[in-house]
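One structure below.
The values are calculated or read from the model by the stated rules, or taken from the named source; none is laboratory data. What you see is a predicted model; the values in this text were computed from it and never measured. Every residue, glycine among them, receives a Cβ derived from its backbone with ideal geometry; neighbour counts consider all protein chains shown. These accessible areas exclude ligands, DNA and RNA; they are computed on the full protein's heavy atoms, side chains included. Shrake-Rupley method; radii C 1.70, N 1.55, O 1.52, S 1.80 Å.
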Amino acid sequence: MLSRRQKHILLKFFSLFSVIRGYNILIIIIAQYLTAIYILAHDRPLHEVVFDLNLFMLVLASSATIAAGYIINSFYDSEKDLINRPIKSNLDRLVSQNTKLSFYFVLNFLSVVLASYVSFKAVLFFSIYIFGIWFYSHKLKKMPFIGNLTSAILTITPFFAIFIYYRNFETVIFVHATFLFLIVSMRELTKDLENIKGDLVQNYHTIPVVYGEKVSKVMLTVLTLLTLIPSYLVLYKYEIGHMYLFFYTCVVLLIVFLLLLWLSKTKIHYLILHNILKFIIVSGVFSILLINVDVVLSRIF
């Protein structure tokens, strides 16, 4: 049996894990490595990529920065989250705001130190990334359009760091990035619809608050149709192995998403739509394994 003190420490740990969304961090780490192995450095020996210390430092720096970003976002959204996510918010509040801020500065400092191992350019990149996340959380997220666009850009920025490191400018990479950017943009707008109640109370000028649900649904419809363009290009213009299964599944899910979107009226409806997009993003990470397993395995030797 755990003592009362041990239970308290355990709850604090889970609270901090919830604040930094540790499960998301793990997915991002896996996504960065799979992207490096299968897409950005597909022509290099597998061991050279997996045991690349510079890549490891970049991934760790990204993870630390993103974790810090979740902390500062939680700090500024604490009142809004009490309305939109009361259960999660109560868990997050087990860790004091001062403790959260301390971890925020420690993680950002650690990110810069890790980046310094790679190069001064990496330090500059992550310094700008840290500032961008803070500025978004403090100011930009309350603005329609700008907030959504900035959030989508910040979400894919960790992959941009790996892209710059390997300097791989193949067109297919930009097509994949465009697809991811559009899906993330859809998720951000869907989250705004899901959280409209808290945004109204806290005076956040999101697209649903300023322009209404109907305009938001029209925008989501346009974004959904736009995702069909990179999907078509990836399926019919490039060699992606068995990953075609993922993109065909995505087309079906996006059709379901559109049908449900125009029937949605409540928070739970928008939560379902949000989870559909989250499933597409997470499954997309692991579907990278389907690109060409035989070719990748041959790189071990």
**Request:** For region 179-243, please list each of the helices (runs of 4 or more DSSP H) lying entirely inside it that holds at least 1 residues being open to solvent by 10 Å² or more (accessible area, probe 1.4 Å) and without any contact (Cβ under 8 Å) to a residue 12 or more places away in the chain.
**Result:** 196-201, 213-237
**Message:** Being closer than 14 Å to residue 66 by Cβ and of a type in the set (Gly, Ala, Ser) is the requirement here; does residue 137 meet it?
**Reply:** yes
**Asked** Any residue in region 152-159 that is exposed (fewer than 15 other Cβ atoms within 10 Å of the Cβ), of a type in the set (Ser, Thr, Tyr) and not in a loop (DSSP other than H, G, I, E, B)?
**Response** no
**Item:** In region 140-168, the residues that are closer than 26 Å to residue 77 by Cα and either touching a strand residue (DSSP E or B) at 6+ places or on another chain (Cβ under 7 Å) or charged (D, E, K, R) (or both)
**Value:** 141, 142
**Prompt:** Regarding residue 149, is this residue surrounded by fewer than 18 Cβ atoms within 10 Å (Cβ to Cβ), without any contact (Cβ under 8 Å) to a residue 12 or more places away in the chain and part of a helix (DSSP H, G or I)?
**Reply:** no
**Request:** Collect the residues in region 178-215 that are on the phi > 0 side of the Ramachandran plot and of a type in the set (S, T, N, Q), keeping them in residue-number order.
**Result:** 203
